[in-house]
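Trainee: Below you'll find the structure I mean.
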Amino acid sequence: MFLPNRNALHGKPLDAADAETLGISGADTVERFLTHRDNHAMTPLHALPALAREIGVGTIHVKDEGFRLGLGSFKALGGAYAVFRLVLEEAGKRLGRPVDVEDLDRADVRSVAAKMTFACATDGNHGRSVAQGAELAGARAVIFVHVGVSDERISAIARYGAEMVRVNGNYDDSVRQAAQVAAEKGWSVVSDTSWPGYERIPGLVMQGYTAIVREALRQLGEPPTHVFVQAGVGGIAAAVAGHLAIVLGDARPTFIVVEPARAACIVAAARAGHVVKVAHDQPTVMAMLECYEASQVAWRVLARVADAFMTVDEHDAVAVMRRLARPAGSDPVIVAGESGGVGLAGLIRAMAENRTDLGLDGKSRVLVINTEGATDPHRYAELVGLSPADVLAGKLAAEATS
């Protein structure tokens, strides 16, 4: 399914609050915080020349978030960053003096953090980031997961000391329960989705993702002409599209949002002109994107700066996982989880069905993001036919003989 953005807001400037969140100053703050992370490193940008020739575009570059901050996904940039910001704000109030990221390890700041509890709902990756952020800051985390979250993903969160709460229902049900329990107990909700009256913290989460765009623009020889980014509630897509619009202005690339056909809440918002809840039917293999109601903040941004919306099917996502694990020609091996390669799957489908609509041709410079590595290694092996370790071992062997 393909839908051009016909919203009346398309092409209009971002709201002032969103421009501030996703702009240059906010990205500067994110980078400054990242310099205080022991394991921070710029993630790689891979070129896929063989695939580009095969489908008929000039270049394809993949920003690979599969090893970001040791958490295996882009979500590492958002939840933990928001936790740090909230801890420092509370410490500043209680201590009566300014505090900044370099103060996070001070005993008086950690004493404040120890009295704070952060809650969120997650499909897996966001909860891991919130839990890691809370552990690093000396706070407590309670993470709500729905029945579709695998035991491996739950264990990956719990190892950061978080308390895990199982919720009957889907992701949206876990969001509601996390918000309800947190309100009753006085906890802080660090959600990657927003709703009326709750926008600032999801905005901080989105602000964390601007690091991806800033790094990619530095790594690319010239800006992309087209960007395909996957969406769950829309946070990563909105952060990337919004920051690109701010820093590149009229030279911004054509931006396409890609979703699973079975959980297309951004497409539903585009059709309706506002956020709506879509019916839950069959689960999608793209587990990290299985969301049925878009974030209010994300949609407000995407209504203005996304140029088209599209869906991909289950087999599209799996085919890209396999292609990246067994690349052609000189293309590098990339480990992409079930949701990681969905932007690339969107590009491949668009080249077959919508290239004219999007102005895609042999001169197009396309950027996509591998949003996660094998965050559930067992599921990855089931779908790809190789374990992540075997895929990476093949990559290392190829590098050794080249």
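Trainee: In a helix (DSSP H, G or I) and either modelled with pLDDT under 95 or assigned by the TED database to the domain that holds HIS315 (or both): which single residue out of ALA352, ALA336, ALA374, ALA328 fits that description?
Mentor: Numbers: ALA336 fails: in a helix (DSSP H, G or I); ALA374 fails: in a helix (DSSP H, G or I); ALA328 fails: in a helix (DSSP H, G or I).
None of the others qualify; the one that does is ALA352.
Trainee: Looking at (1) open to solvent by 40 Å² or more (accessible area, probe 1.4 Å); (2) in contact (Cβ under 8 Å) with a residue 60 or more places away in the chain, which is the one condition that is false for GLY72?
Mentor: GLY72 satisfies all of (1) open to solvent by 40 Å² or more (accessible area, probe 1.4 Å); (2) in contact (Cβ under 8 Å) with a residue 60 or more places away in the chain except (1).
Trainee: Pairs needed: first member in the stretch 246-269, within 17 Å of LEU22 (Cα to Cα); second member anywhere, in a helix (DSSP H, G or I); C-beta distance under 6 Å; at least 6 residues apart or different chains.
Mentor: Partner pairs satisfying both residue conditions: ARG252/LEU244; ARG252/ALA245; PHE255/ALA241.
Trainee: Next question. Take VAL320 and tell me if it is more than 16 Å from the chain's Cα centre (by Cα) and of a type in the set (Val, Ile, Thr).
Mentor: Taking the combined requirement at face value, the residue satisfies it.
Trainee: With in the same structural domain as VAL342 (by the TED database), in a helix (DSSP H, G or I) and under 30 Å from ASN354 (Cβ atoms) as the only criterion, which of LEU9, LEU14, LEU51 stands out?
Mentor: Answer to the selection: LEU51.
Trainee: Among the residues in the stretch 83-99, are any of a type outside the set (A, V, I, L, M), under 17 Å from ASP38 (Cα atoms) and touching a residue at least 40 places away in the same chain (Cβ under 8 Å)?
Mentor: Yes; the residues of the stretch 83-99 include at least one that is of a type outside the set (A, V, I, L, M), under 17 Å from ASP38 (Cα atoms) and touching a residue at least 40 places away in the same chain (Cβ under 8 Å).
Trainee: Of all residues in the stretch 54-87 being aliphatic (A, V, I, L, M) and outside any helix (DSSP H, G or I), which is farthest from THR193 (Cα to Cα)?
Mentor: VAL57
Trainee: Also, quick follow-up: Applying the selection to the stretch 219-245, what residues are in contact (Cβ under 8 Å) with a residue 12 or more places away in the chain and open to solvent by 30 Å² or more (accessible area, probe 1.4 Å)?
Mentor: GLN219, GLU222, PRO223, THR225, listed by residue number.
Trainee: All but one of (1) within 21 Å of the chain's Cα centre (by Cα); (2) surrounded by fewer than 24 Cβ atoms within 10 Å (Cβ to Cβ); (3) closer than 26 Å to PRO223 by Cα hold for GLU372; state the number of the condition that does not hold.
Mentor: For GLU372, the exception is condition (2).
Trainee: Please tell me if ARG323 is crowded, with 18+ Cβ neighbours inside 10 Å, among the basic types (Lys, Arg) and in contact with a strand residue (DSSP E or B) (Cβ under 8 Å, 6 or more places away or on another chain).
Mentor: Answer is no for this residue.
Trainee: Hey, another quick one. Condition first: of a type in the set (Asp, Glu) and surrounded by fewer than 17 Cβ atoms within 10 Å (Cβ to Cβ). Now tell me which residues in the stretch 17-60 satisfy that.
Mentor: Across the stretch 17-60, the qualifying residues are GLU20, ASP28, GLU31, ASP38, GLU54.
The values are calculated or read from the model by the stated rules, or taken from the named source; none is laboratory data. This structure is a prediction, so every number in the text was calculated from the model and none was measured. Every residue, glycine as well, gets a Cβ built from its backbone with ideal geometry; the counts of neighbours run over all protein chains shown. SASA here: full protein model, heavy atoms, side chains in, ligands and nucleic acids out. Shrake-Rupley method; radii C 1.70, N 1.55, O 1.52, S 1.80 Å.
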